[in-house]
1. Collect the residues in the stretch 219-258 that are of a type in the set (Asp, Glu) and under 13 Å from ALA182 (Cα atoms), keeping them in residue-number order.
2. Working only within the stretch 124-133, note down all residues that are of a type in the set (S, T, N, Q) and not in a strand (DSSP E or B).
3. Look through LEU402, LEU368 and report the one residue that is touching a residue at least 40 places away in the same chain (Cβ under 8 Å), surrounded by fewer than 24 Cβ atoms within 10 Å (Cβ to Cβ) and either of a type in the set (A, V, I, L, M, F, W, C) or touching a strand residue (DSSP E or B) at 6+ places or on another chain (Cβ under 7 Å) (or both).
4. Out of the residues in the stretch 449-489 that are surrounded by fewer than 24 Cβ atoms within 10 Å (Cβ to Cβ) and on the phi > 0 side of the Ramachandran plot, which is nearest to the chain's Cα centre (by Cα)?
5. Any residue that is of a type in the set (Ser, Thr, Tyr) and more than 21 Å from the chain's Cα centre (by Cα) - is there at least one of those in the stretch 300-316?
6. Scanning the stretch 340-398 for residues that are of a type in the set (A, V, I, L, M) and more than 24 Å from TYR438 (Cα to Cα), which turns out modelled with the lowest pLDDT?
7. Can you tell me which residue is surrounded by the most Cβ atoms within 10 Å (Cβ to Cβ) among those in the stretch 277-302 that are at pLDDT 95 or above and not aromatic (Phe, Trp, Tyr)?
8. Name every residue in the stretch 369-406 that is among the acidic types (Asp, Glu) and out of contact with any helix residue (DSSP H, G or I) (no Cβ under 7 Å at 6 or more places or on another chain), in order of residue number.
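The values are calculated or read from the model by the stated rules, or taken from the named source; none is laboratory data. Fair warning: this is a prediction, and the values are worked out from it, not measured in the lab. Cβ coordinates were reconstructed from backbone atoms using ideal geometry, including for glycine residues, and neighbour counts include every protein chain displayed.
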Amino acid sequence: MRCCLSAPLAALAAFPAPRDLVRSGALLTPAVLRSALAARRERLTRTDVVTALNLELVTLAEDHAVITWYTAVPGTDDGFGHLVPAVTEGEVVYGTHPAHLDRTASEGRPTAHHHVELTDLEPGQTYYYQARSRGRAATPTPLHLVRGNAVGTSLHGLGSHGGPYSFTTPEPPPGRHLMSIALCNDLHLGETTAGRVAGVPMLRGVSQQPGLDPYPEIMSVAMVEEAHRRGADVLLAAGDISAAGAPRDLAEARRILDGFGTHGRDYFVVRGNHDRPRHPDDSFRDGFLGGADGPGYFARDLGGLRLIGLDTYEKNGNGGDAGGLSAEQLAWFRAGLRADRDQPTIVFGHHPLTTRDSVFPMGRGQRLDRGQAREIVDAYASSPGVFLHHAGHTHRNKRTVLTSAPHVTQQEVSAVKDYPGGFCLLRVHTGGYALNYYKNSSVPARAWVERSRLTAGGLWPHHALGRSVTDRNSMRQHDLSGVRAYLRT
């Protein structure tokens with residue numbers, strides 16, 4: 001089975017060697033060598049000379065923002081062309097005028113992987129900020145290939161070295177808050193190399209450091225913890241839960257996701273192309289569909305909010321071709337929308353309906369079959385209650401308003417498993433909704449996110465982060481007054 005992304009990224013998520021090789025790697029390294037490397041790393045991280053880089057405005061809501069950056073030792077190399085981390089303090093100074101940054105926020109502890117949250121912001125207000133470590137201003141993640149902006153909602157500060165940069169907070173969704181839903185996908189349990197590209201020697205992929213836990217497990221556990229911390233009532237996992245449908249990996253995914261709550265009540269899962277069985281038993285069906293012979297698609301009611309989960313690879317194939325629904329599933333889906341066109345509805349499935357504006361080639365394997373996608377969008381056009389279509393598969397953050405059904409937003413969410421490594425939180429209000437992206441913030445997750453940004457020869461941020469802040473943070477008005485407040489039991 002081929003990976004989600006097409007040439008030249010066709011094998012970025014290629015099926016890995018057994019993860020036992022990763023876990024045993026530390027045993028193959030002599031203890032003396034490990035000790036020497038650790039001592040050298042410790043000496044480097046204590047240097048007084050640092051560089052601050054990869055600044056990103058990750059989250060932007062009406063009352064808070066999350067800013068991340070990395071501090072490193074100049075002139076070093078960890079063997080992957082990545083600067084060795086420098087543990088130091090960090091702070092963000094900010095204010096409502098670029099010459100008067102009179103407020104300060106920090107984590108309060110030294111780290112190389114800085115993750116600072118600004119709180120008590122005012123909706124609709126423009127702020128200016130600068131992130132600093134040891135007196136050095138952090139510089140943005142470059143997104144020049146896509147003419148993007150990783151650090152703000154305006155061009156202010158981009159022409160200088162270190163800002164200050166600028167963002168304007170959105171207005172909150174109108175009305176009363178009803179529920180919050182975490183949107184995630186592409187956990188890839190069982191994968192051991194991120195970004196491996198077959199036939200391209202320089203794109204060798206990025207693996208976890210020997211002796212550390214497998215990165216899909218680190219990132220999935222961190223995602224569940226972060227979703228809880230951010231107040232998610234429900235979690236939707238839109239496919240590629242495993243790397244190759246292996247029973248052990250799907251069992252581990254079930255164990256991790258059960259940390260959020262009860263499957264079928266607190267969290268819901270649909271299948272991706274990687275979850276199709278390559279073994280005699282259908283472990284995904286056994287683990288998430290109750291072992292039944294019934295379909296992998298479903299509809300649920302969450303207090304008046306209709307949730308529709310699609311199986312977008314309901315077919316035989318190698319995983320690298322276009323997604324597809326069976327004729328029965330497509331007929332069921334269209335009939336369900338016709339039955340109540342005005343009911344507030346979220347649809348989620350692995351393959352997106354459309355893939356626009358990518359720095360990398362996006363072939364037919366990156367989306368749903370074009371004819372079926374057109375039928376689904378046509379059904380949305382006559383169903384004003386549908387407001388969101390959540391998809392994964394492309395491993396990027398991308399917001400698209402569907403031209404033929406402009407009341408519907410398609411939100412592609414980047415992979416949980418590696419850079420930028422997080423999920424979207426959907427906050428549903430009576431008069432609209434907000435989408436906000438959060439990186440996984442545990443210490444092991446931060447380290448892996450920084451290491452895995454070198455996927456695709458270091459070009460991965462141009463694809464995965466989102467070319468603008470609004471590709472991962474947005475607010476729209478929509479009448480959701482028919483939804484009742486969610487009470488999690």
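1. Within the stretch 219-258, GLU225, GLU226, ASP233 meet the criteria.
2. Once the filter is applied, which keeps residues that are of a type in the set (S, T, N, Q) and not in a strand (DSSP E or B), the stretch 124-133 yields only GLN125.
3. Exactly one of LEU402, LEU368 is touching a residue at least 40 places away in the same chain (Cβ under 8 Å), surrounded by fewer than 24 Cβ atoms within 10 Å (Cβ to Cβ) and either of a type in the set (A, V, I, L, M, F, W, C) or touching a strand residue (DSSP E or B) at 6+ places or on another chain (Cβ under 7 Å) (or both), namely LEU402.
4. GLY458
5. There is no residue in the stretch 300-316 that is of a type in the set (Ser, Thr, Tyr) and more than 21 Å from the chain's Cα centre (by Cα).
6. Result: MET362.
7. It comes out as LEU302.
8. ASP369, ASP378
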